[in-house]
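Values in this text are rule-based calculations from the coordinates and carry no lab data. Predicted model, so just to flag it, every value in this text is computed and none were measured. Cβ atoms come from the backbone with ideal geometry, glycine included; neighbour counts cover every protein chain shown.
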Ligand SMILES: CC(C)(COP(=O)(O)OP(=O)(O)OC[C@H]1O[C@@H](n2cnc3c(N)ncnc32)[C@H](O)[C@@H]1OP(=O)(O)O)[C@@H](O)C(=O)NCCC(=O)NCCS
């Protein structure tokens with residue numbers, strides 16, 4: 001930990017060839033046994049993200065490798081137990097490849113996702129005040145990574161099919177202007 005860095009590559013902003021290369025790398029991402037209950041199939045999530053206007057899927061890159069995936073979505077915050085849809089970005093479909101877990105990259109990627117969402121809000125002059133997500137109460141790695149990235153607990157959420165979740169939120173208020 002310490003010297004690693006991550007970049008978020010917006011799949012939506014790439015031309016067809018570059019996007020195909022990134023999607024090939026996404027298809028190679030894999031999880032540790034038992035983690036499939038917390039997140040969907042990476043390639044399917046990336047393609048779903050590109051197909052739906054409100055979603056922005058990102059490849060997490062570190063050291064020249066695709067190490068993970070995440071999606072930011074507008075107008076869907078209630079999916080994570082937030083009281084309304086539009087006042088926060090939804091962070092969903094977040095994973096770090098099994099070979100790269102435990103190095104701090106999940107923490108860095110979650111923080112980078114908040115910065116990316118903040119930039120988008122400033123650019124489109126939107127009203128979102130931060131980023132919200134839901135995480136299974138049994139997902140210790142997920143809870144730890146989000147907390148280290150500055151997310152705060154906003155309560156229990158009983159929606160979803162995989163058991164009780166925590167709703168976590170990180171406000172843009174403490175960030176410097178992008
Ligand atoms: C959640 C996830 C993205 C975290 O990525 P990561 O790169 O391993 O995270 P970090 O290395 O930044 O570790 C963050 C914390 O989790 C801890 N951690 C990592 N792997 C762990 C594990 N298997 N069990 C328990 N804690 C773990 C780390 O020790 C660290 O905690 P600490 O700050 O107390 O030391 C990754 O585990 C993952 O892809 N999981 C499967 C998909 C998933 O659960 N996504 C989230 C859905 S909401």
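Of note:
- Panel order for 21, 96, by other beta carbons found within 10 Å of each beta carbon, from fewest to most: 21, 96.
- Most fluctuating residue given options 63, 75, 155, as computed from a GNM of the chain linking Cα atoms under 10 Å: 63
- Global form of the stretch 108-149, assessed from the alpha-carbon gyration tensor, a/c cut-off 1.5: prolate
- The stretch 7-174: Rg to Rh, with Rh as the Kirkwood radius over Cα pairs: 0.93
- Fewest-first ranking of 146, 157, using other Cβ atoms within 10 Å as the exposure measure: 157, 146
- Within a Gaussian network of the chain (alpha carbon springs, distance under 10 Å), most fluctuating of 64, 127, 163: 64
- In the chain, the calculated helix contribution to ellipticity at 222 nm averages -9000 deg cm²/dmol per residue, counting -39,500 (n - 2.57) for every DSSP H run with n ≥ 4.
- Residue with peak Gaussian network fluctuation, the chain [Cα springs, cutoff 10 Å], from 77, 141, 110: 141
- Cβ crowding within 10 Å, taken as a proxy for footprinting-reagent exposure, orders 171, 30 from fewest neighbours to most as 30, 171.
- If you take the Cα centroid of the stretch 1-43 and the Cα centroid of the stretch 70-107, the two points sit 13 Å apart.
- Rounded to 5, the percent of DSSP beta bridges in the stretch 7-174 classed as antiparallel: 95
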